[in-house]
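**Student:** The structure's right below; bear with me while I get my questions together.
Only the coordinates and a few stated rules stand behind these numbers; no lab work does. Keep in mind the model is a prediction, meaning the values are calculated, not measured. All Cβ positions, glycine included, derive from the backbone under ideal geometry; neighbour counts span all protein chains shown.
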Amino acid sequence: MTCFSPQRPATGADGPSWAPPASGVVVGVDLRGIQAFVYQGRRILDAVGRAALVAELTDTGDPERGIASLVPGDCLVLRDAGGAFTGVFADRGSARLFTSRYTRHLRERAGGLTPVVAHVPYGPAQGTSCTIGVDGALALLPRRLREARQHMSALHVPAHGYGITAECAVSGAPAEVVDTSRTRRSQGGVPERVSADVARARGVGRRWHREQEHAWLPGPHLALPKETDHLGREHGQVSRAAVAHIDVNGLGTLLGEYRERAADPGVPGSGALAQRELSRRIAGLIEGLARALVRAVAATVRTEPGSHPVVPGVGPGGAVTLHRDAEGTVSVPVRPIVVAGDDLTIVCDARLALPLVRYALDWLDADPVRIADPADPRVALHRALDHDGRGPRRTVPPADGAGGRTAPGTRPGHTTCVPTVGVGVAVQSVGAPLALGYDVCEALCSRAKARRTARPDGEEDDHVVAWTTGADGIERALHRLDERATLPLTGHGLRTFLDTHLDARAPGSLLPDGAPRERSWLHSTLLPLLEAGADPASELLRREHATGRPAELPRGWTPGGLLDAVEVMDLYLDPGLAAALEPHRPQPQGRTGAGGPVLPAEGGPMP
């Protein structure tokens with residue numbers, strides 16, 4: 001098969017440049033059902049493999065594993081990541097040929113995904129109005145894709161085989177392959193029977209897993225977990241995992257404003273090319289964040305001879321006990337699953353969820369001037385957005401935590417163009433399907449982003465965070481948010497909440513010296529009063545008379561905030577991530593060329 005190299009924007013001293021043809025066809029592809037496809041099953045490795053497979057199905061830069069061989073050499077690729085593809089083809093014939101070859105390729109590689117395709121011709125040679133140029137076609141493409149979704153063809157439905165009696169252990173579809181690397185203990189160690197797409201995704205997942213371990217972890221003695229059981233379990237206790245979804249706020253507005261600001265009116269398509277470059281830098285930011293979270297947790301791992309490896313910290317339970325395999329490799333209790341575009345989904349031990357979210361916000365809010373390295377994805381994105389002095393700058397206030405501490409990586413009143421994010425966190429039992437946790441945390445993330453959109457006039461743009469510890473579905477999780485009216489919190493509000501309610505050194509903290517205080521009284525007496533909406537003043541006075549000392553509660557507490565704190569206080573461990581890996585430490589360039597993990601094949605020393 002002949003391998004073509006799709007056209008890439010030429011980059012000169014003044015940025016990307018391109019002379020579009022007078023006529024052509026803009027083709028857009030959007031994959032439906034990505035979430036359901038990625039989060040089938042309970043294994044982390046299966047989810048990683050499916051996420052990697054989705055990325056490869058729209059990657060035109062990899063001639064071996066991507067779709068570069070399907071794209072003609074004269075096609076200009078404007079988008080090829082995150083399950084979406086946009087390209088400008090020379091004529092209708094080449095556009096149709098690509099569509100037929102691509103949909104067939106998708107059917108063979110991942111039948112569970114449904115392609116949505118739209119063609120928008122432009123220019124006189126295509127029989128359209130002369131006034132519709134490439135910019136007009138690109139502006140019309142989203143509407144055409146929405147229309148295509150409403151007229152799905154039954155031919156896109158996967159056709160499963162008949163006469164096959166064995167079921168896939170993951171999807172329930174007909175089994176076609178025996179996976180000898182995975183056995184079922186309940187059936188005497190019999191290898192799993194899986195469908196071909198599950199086996200294919202596992203193969204891709206193993207390859208990506210090895211690459212990410214090399215890129216994100218500091219040494220061979222540490223490993224990324226492949227199973228939720230390896231996130232950190234305590235014998236004799238109910239172990240819980242957390243699924244967290246992080247999404248950039250206002251991405252559409254950000255890209256649209258940048259496109260208008262960076263476009264050259266005299267060069268058709270220049271705005272789209274500038275937008276592609278900005279999208280690449282945002283992808284680099286998310287890559288860098290995933291890498292920073294993994295390395296921060298890895299920096300806290302303690303391995304002592306003759307004892308179990310742990311992540312020590314201040315909080316209930318003392319430490320997170322880590323899994324060690326027969327070769328002595330220790331699993332880090334955090335695993336990014338989806339790292340694509342502006343989306344980051346991670347799974348971790350539930351005790352580390354809120355500290356990880358706080359570290360992520362501190363990392364994003366770090367002062368670009370203090371980082372100083374132009375190759376760092378935060379600095380690169382900050383400079384790209386603010387190259388003309390008109391970027392969306394925001395002010396990061398100093399932290400006012402317990403004891404007046406200032407968050408590492410921040411200075412009073414520093415500004416940054418790095419966008420804010422919305423975060424949703426869902427806690428579930430270890431072994432529960434990842435799809436359940438992802439659906440809930442995605443809904444919480446959407447609610448958090450809606451809170452930011454509806455923020456009152458004069459409120460500074462900030463991150464937004466919501467979480468739930470109840471694994472009882474989306475509706476009940478959102479109902480609790482509405483009932484208490486305390487979540488979502490802003491990024492500044494989250495830091496204040498953790499510093500006042502769960503900091504071991506804060507006056508009135510629920511975790512003085514890291515141990516829960518008065519747990520039985522809080523759960524049996526005070527919380528029922530707060531949940532009923534009653535005034536707790538009389539109970540606080542009674543408690544003071546009974547104990548002979550004031551009934552201390554966190555500074556600035558509210559009924560809803562106290563309920564939130566009690567709900568998570570037994571699932572909170574502060575491992576000191578910022579002290580282990582400073583948030584303003586520069587991150588090198590990576591696969592995207594805009595920051596993120598450094599793969600060994602690309603060269604460059606590991607930091």
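**Student:** Compute for region 423-516: radius of gyration divided by Kirkwood radius, i.e. Rg/Rh, restricted to C-alpha atoms, rounded to two decimals. Kindly include the intermediate steps, with their values, before the conclusion.
**Tutor:** Values: Rg = 14.8 Å, Rh = 14.4 Å.
Ratio of gyration radius to Kirkwood radius: 1.02.
**Student:** Say each of ALA546 and ASP74 gets a label point 7 Å from the Cα, pointing the same way as Cα to Cβ; how far apart are those two points in nm?
**Tutor:** 8.4 nm
**Student:** Where does each of 475-487, 447-459, 564-576, 416-428 land if you order them by average Cβ count within 10 Å, highest first? If you can, show how the numbers build up before the last one.
**Tutor:** Numbers: 475-487: 15.8, 447-459: 13.2, 564-576: 20.8, 416-428: 25.4.
The densest-packed peptide leads the list: 416-428, 564-576, 475-487, 447-459.
**Student:** Give me the one-decimal nm value for the distance between modelled label points at SER429 and ARG393, 7 Å along each residue's Cα-to-Cβ direction.
**Tutor:** Spacing of the two 7 Å Cα→Cβ label points: 5.3 nm.
**Student:** Please compute the Kirkwood hydrodynamic radius over region 305-353, one decimal place, Å, based on all pairs of different Cα atoms. Show your work: numbers first, answer last.
**Tutor:** On the way: mean 1/r = 0.0789 Å⁻¹.
Across region 305-353, the inverse of the average 1/r is 12.7 Å.
**Student:** Grab the alpha carbons of region 468-528, take their convex hull, and tell me the volume per residue in Å³.
**Tutor:** Values: hull volume 7.0 nm³, N = 61.
Dividing the Cα hull volume of region 468-528 by its residue count gives 115 Å³.
**Student:** Assuming a viscosity of 0.692 mPa s and a temperature of 37 °C, what translational diffusion coefficient in µm² per second does Stokes-Einstein assign to region 199-302, Rh being the Kirkwood radius over Cα pairs?
**Tutor:** My calculation gives 189 µm²/s for D.
**Student:** Still on this structure, please answer the following. State the answer as a single residue: which of LEU502, LEU222, PRO586 lies farthest towards the positive end of the charge dipole of the chain, with beta carbon charges of +1 for Lys and Arg and -1 for Asp and Glu, about the Cα centre.
**Tutor:** Sorting the options by dipole projection puts first LEU222.
**Student:** OK, next. Once the Cα gyration tensor of the chain is diagonalised, what are the square roots of 5 times its eigenvalues, in whole Å and ordered largest first, as equivalent ellipsoid semi-axes? Show your work: numbers first, answer last.
**Tutor:** Values: eigenvalues 370, 180, 107 Å².
Value: 43, 30, 23 Å, ordered largest first.
**Student:** Place a +1 charge on the Cβ of each Lys and Arg in the chain and a -1 charge on the Cβ of each Asp and Glu, then give the dipole magnitude about the Cα centre in debye, rounded to the nearest 20. Could the numbers behind the result be given before it?
**Tutor:** On the way: 67 positive and 69 negative charges, 192 e Å.
Using only the charged Cβ atoms, the result is roughly 920 debye.
**Student:** If you don't mind, another one. Dipole size in debye (nearest 20) for region 258-411 around its Cα centre, Lys and Arg Cβ +1, Asp and Glu Cβ -1? Please list the in-between numbers first.
**Tutor:** On the way: 20 positive and 18 negative charges, 46 e Å.
Charge dipole, region 258-411, about its Cα centre: 220 debye, nearest 20.
**Student:** Now for a separate question. Compute for region 499-594: radius of gyration divided by Kirkwood radius, i.e. Rg/Rh, restricted to C-alpha atoms, rounded to two decimals.
**Tutor:** Values: Rg = 18.5 Å, Rh = 15.6 Å.
Ratio of gyration radius to Kirkwood radius for region 499-594: 1.19.
**Student:** Tell me, what is a quarter of the convex hull surface for the C-alpha atoms of region 31-116, in nm² with one decimal? Write down the numbers at each step before the final one.
**Tutor:** Values: hull surface 21.6 nm².
Average of the hull's projected areas for region 31-116 equals 5.4 nm².
**Student:** May I ask for the distance between the Cα centers of region 446-515 and region 308-345, given as a whole number of Å?
**Tutor:** That distance is 24 Å.
**Student:** Would you work out the charge dipole size for region 259-346 about its Cα centre, treating the Cβ of every Lys and Arg as +1 and the Cβ of every Asp and Glu as -1, and quote it to the nearest 20 debye?
**Tutor:** Working: 10 positive and 9 negative charges, 24 e Å.
Rounded to the nearest 20 debye, it is 120 debye.
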